[in-house]
């Protein structure tokens with residue numbers, strides 16, 4: 001089961017164990033992904049953090065996201081073509097639902113398990129399932 005909230009010290013330890021320097025900005029970027037469950041884009045991360053770190057640049061955000069993805073702490077999701085979003089990687093496999101009206105992304109259960117033993121020679125590295133439609137809040141307003 002995934003954890004509800006990660007402290008800054010837990011995130012710093014995870015960064016350190018992954019071989020990344022736990023800078024204050026990197027911890028804040030990682031915390032926004034790990035604790036908000038918003039599946040933010042790089043631009044959303046920048047917009048949420050620039051007021052706290054006036055010297056924060058978009059380049060720092062992108063470089064941090066690439067480093068976090070490369071070491072396996074976050075996953076890049078391309079739910080919309082050309083728009084990467086980020087999710088905490090060390091959690092159980094799950095799918096996503098994107099509301100076409102408000103743009104929010106929600107975690108979902110996977111529909112069923114594929115028996116990889118029947119697919120000889122294939123090595124499963126990740127699963128990406130994305131549903132699109134209207135979330136409960138937006139579907140209530142469409143009637």
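The values are calculated or read from the model by the stated rules, or taken from the named source; none is laboratory data. Computed from a prediction, not measured in an experiment: that's the story for all the values here. Because the Cβ atoms are built from the backbone with ideal geometry, glycine has one as well, and the counts that use them run over all protein chains shown.
Only residues that are crowded, with 18+ Cβ neighbours inside 10 Å, out of contact with any strand residue (DSSP E or B) (no Cβ under 6 Å at 6 or more places or on another chain) and closer than 22 Å to residue 13 by Cα were counted in segment 33-48, giving 1. Summed over segment 77-91, residues that are in a loop (DSSP other than H, G, I, E, B) and exposed (fewer than 12 other Cβ atoms within 10 Å of the Cβ) total 2. Among the residues of segment 92-118, those that are in a loop (DSSP other than H, G, I, E, B) and at pLDDT below 80 comprise 92, 93, 94, 110, 111, 112, 113, 114, 115.
Mind checking whether some residue in segment 36-49 is farther than 27 Å from residue 132 by Cα and outside the structural domain of residue 137 (by TED's automatic domain parsing)? Within segment 36-49 (the criterion being farther than 27 Å from residue 132 by Cα and outside the structural domain of residue 137 (by TED's automatic domain parsing)), the answer is yes, since at least one residue qualifies. Taking the conditions (1) more than 25 Å from residue 98 (Cβ to Cβ); (2) in contact (Cβ under 8 Å) with a residue 60 or more places away in the chain in turn, residue 24 satisfies each one other than (2).
Entry remark, segment 11-21: residues being in contact (Cβ under 8 Å) with a residue 24 or more places away in the chain and either crowded, with 17+ Cβ neighbours inside 10 Å or assigned to a helix (DSSP H, G or I) (or both) number 3 in total. Considering only segment 7-19, I want to know if a residue exists there that is at pLDDT 95 or above, on the phi > 0 side of the Ramachandran plot and in the same structural domain as residue 56 (by TED's automatic domain parsing). Checked against the condition, which is being at pLDDT 95 or above, on the phi > 0 side of the Ramachandran plot and in the same structural domain as residue 56 (by TED's automatic domain parsing), segment 7-19 yields at least one hit.
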